Structures are given as structure tokens and as C-alpha cells.
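Taking it in order: structure first as C-alpha cells, then the write-up.
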Amino acid sequence: MDSTSPEPSLYTVKALFILDNDGNRLLSKYYDPELYPSMKEQKTFESNIFNKTHKADNEIAFLEGMTIVYKSSIDLFFYVAGSVQENELMLMSVLNCLFESLSQILRKNVERRCLLDNMEGVLLVVDEIIDGGVILESDPQQVVQKVNYRADDNPLSEHSVAQVLLSAKEQIKWSILK
């Protein structure tokens, strides 16, 4: 090995984000804190990527020293970003796993409204696939199985997030009144 090649690393994914067809952020996770530390920098990066890719038929883009693989579906754009040296096939396997897992969880209805209505499940899927930039899983069947297992195992899953928040507010209100 020559001395100019980077050290191998498990930290493959630098960022993952989902934008709507207007380029607005629906979900984003940045795994490298030095990459774009502020929200403004992140949104600028996402806007630049969206402007470059939303009319293209490709699956890969290179921008700002990053390798970005992407996919669109109805009114959503899915992006996975890694360093410029990163293997595009690894990034594409993450993207495909994300898309196929969401397709199963959302019952093949991968569109903006359905995604927003099921955001807690979407976040669980993302967390099952990537942890801190390290790819944990690339098989959508395994991801869906783990997410469903967690949902069945967790007593809070029977409640929606709104119900849990309402319950917490009531408990706080009653503790203040006592």
C-alpha cells in the first residue's frame, strides 16, 4: 500500500437525507460533526445537491469532495453521502436498503405525506441501517424484521407520539397542581 491512500475505516456514511420535490428537508442525519457543523451549512449543501440532481437521470454525483448516491420516488429524493474515496457500491447498498425497507414499512406508498405520517418508523429504519456513520445492515428484510421486533417489544409503540406527549403533559400538569 502506498502512503497516500487513506486508512480503511468503518465510518462509511457521512450523511443521509431525504428531500421533497421542492428540495425541502424532510429528514437528515449528518454523521461527521466536522463536515457541516451548522444547520445553515447543511441546508446549503442539501440545496446544492438537489439543484444538481433533481433533473438528472444518474444515480451518483460528486460535489464538494463528496460522493453522493441518490434515488427519487414520486415526490421524494433519497441521498446517501460519503467521502470522495468511498466505494459507490457500498453507498448504493445503503440507499437501496433504506428505500426497500421504507417501501415495505410504508406498504409500497413511498411518498411525502406517508413518510411524514410514519416518521418514527422511518427514523427507526435509518438507525437500524446506520449508526454513527457505520453501516450496520444492508438487507431490507433484516431491517424490517428488527424494526417490527422493536415495535412489538416496546410498550410505548401502542401509542402514537402525539398520545405519549399528551400523556406526559397531563402528568406534568397534575404534578404542578399537587
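The values are calculated or read from the model by the stated rules, or taken from the named source; none is laboratory data. Just so it is clear, the model here is predicted, and its values are computed rather than measured. Cβ placement follows ideal geometry from the backbone for every residue including glycine, while neighbour counts extend to all protein chains displayed. Each accessible area value is taken on the protein alone, full model and side chains, heavy atoms only, with ligands, DNA and RNA left out. Shrake-Rupley method; radii C 1.70, N 1.55, O 1.52, S 1.80 Å.
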Step through the residues of the stretch 21-29 one at a time and calculate ³J(HN,Hα) from phi using the Karplus curve (6.51 cos²θ - 1.76 cosθ + 1.60, θ = phi - 60°), rounding each to whole Hz and writing x for Gly and Pro.
-> 6, 9, x, 7, 6, 10, 7, 8, 9
Which percent of the accessible area of the stretch 1-103 is formed by carbon and sulfur heavy atoms (probe 1.4 angstrom)?
-> 50
Leaving out same-chain residues fewer than 8 places away, which lysines sit with a Cα under 26 Å from that of Lys29?
-> Lys14, Lys40, Lys43, Lys52, Lys55, Lys71, Lys108, Lys146
Using 0.36 nm per residue, how much length does the chain from Tyr11 to Leu116 gain when fully extended, once their Cα-Cα distance is taken away?
-> 35.0 nm
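For Leu89 and Asn21, what is the calculated FRET efficiency with R₀ set at 35 Å and r taken between the beta-carbons, to the nearest 0.05?
Details: r = 27 Å, r/R0 = 0.77.
It comes out at approximately 0.85.
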Can you tell me which of 49-57, 72-80 comes out highest on packing, and rank the rest after it, using the mean Cβ neighbours within 10 Å?
-> 72-80, 49-57
